[in-house]
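The values are calculated or read from the model by the stated rules, or taken from the named source; none is laboratory data. Not measured: the values here are computed from a predicted model. Counting neighbours? That spans all protein chains shown, and the Cβs are built from the backbone with ideal geometry, glycine included.
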Amino acid sequence: MKIPHNAHVALVDGTRFLVLRNSGQPFEPSLQLVAEPDLDPTNFSAGIRNQEPSAPGGASTNLNELAHGAAAAEWLNSKAKAGEIEHLVVVADPKTLGEMRRHYHVELKDRLAGELAKSLTGEPIPSIEKVLAAA
């Protein structure tokens, strides 16, 4: 995956949110931790879609985790609207990524350099760099 120099990389899952920055080349990322924002997940709008007794495919849905994804998207939206993010790559588990997409502001969409539906928040940075380079 091509990650522009100085692009932000958001690693998100249902409980953790990390913001990294690429100081390396587009196809050879070198990531540094920028922030681990403390989010206040208050947007439980996913509950409207997930009131069925069982989720499709038998997968369980945790509304707190989806609200965390929505809060991460809102945080990224605010940074994009403020001009603090020029290019962004979002890496999140598939369920969180799906929820985040519902909350992307047009300013954030314009800055997206890529997305990867994979859970990497618990991985060390060198492993994340390898996965992104190979994507």
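Only one of ALA73, ALA133 is part of a helix (DSSP H, G or I), modelled with pLDDT of 95 or more and within 13 Å of the chain's Cα centre (by Cα). Can you tell me which? Let's see the steps before the verdict.
Values: ALA133 fails: within 13 Å of the chain's Cα centre (by Cα).
Going through ALA73, ALA133 in turn, just one is part of a helix (DSSP H, G or I), modelled with pLDDT of 95 or more and within 13 Å of the chain's Cα centre (by Cα): ALA73.
Can you work out which of the residues in the range 76-130 that are part of a helix (DSSP H, G or I) and of a type in the set (A, V, I, L, M, F, W, C) is surrounded by the most Cβ atoms within 10 Å (Cβ to Cβ)?
LEU76
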> So which residues in the range 22-42 are crowded, with 18+ Cβ neighbours inside 10 Å and closer than 19 Å to GLY83 by Cα, if there are any at all?
Replying inline: ASN22
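Specify which of the listed residues (ALA59, ALA67) is closer than 15 Å to GLY98 by Cβ, modelled with pLDDT under 95 and surrounded by fewer than 13 Cβ atoms within 10 Å (Cβ to Cβ). Steps first, please.
Values: ALA67 fails: surrounded by fewer than 13 Cβ atoms within 10 Å (Cβ to Cβ).
Just a single option satisfies the conditions, and that option is ALA59.
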>> Just the residues that are out of contact with any strand residue (DSSP E or B) (no Cβ under 8 Å at 6 or more places or on another chain) and either under 19 Å from ALA71 (Cα atoms) or of a type in the set (Gly, Ala, Ser) (or both), please, taken from the range 111-135.
In response: GLY122, SER127, ALA134
>> For the range 81-118, which positions are touching a residue at least 60 places away in the same chain (Cβ under 8 Å), over 20 Å from GLN25 (Cβ atoms) and out of contact with any helix residue (DSSP H, G or I) (no Cβ under 8 Å at 6 or more places or on another chain)?
In response: ASP93
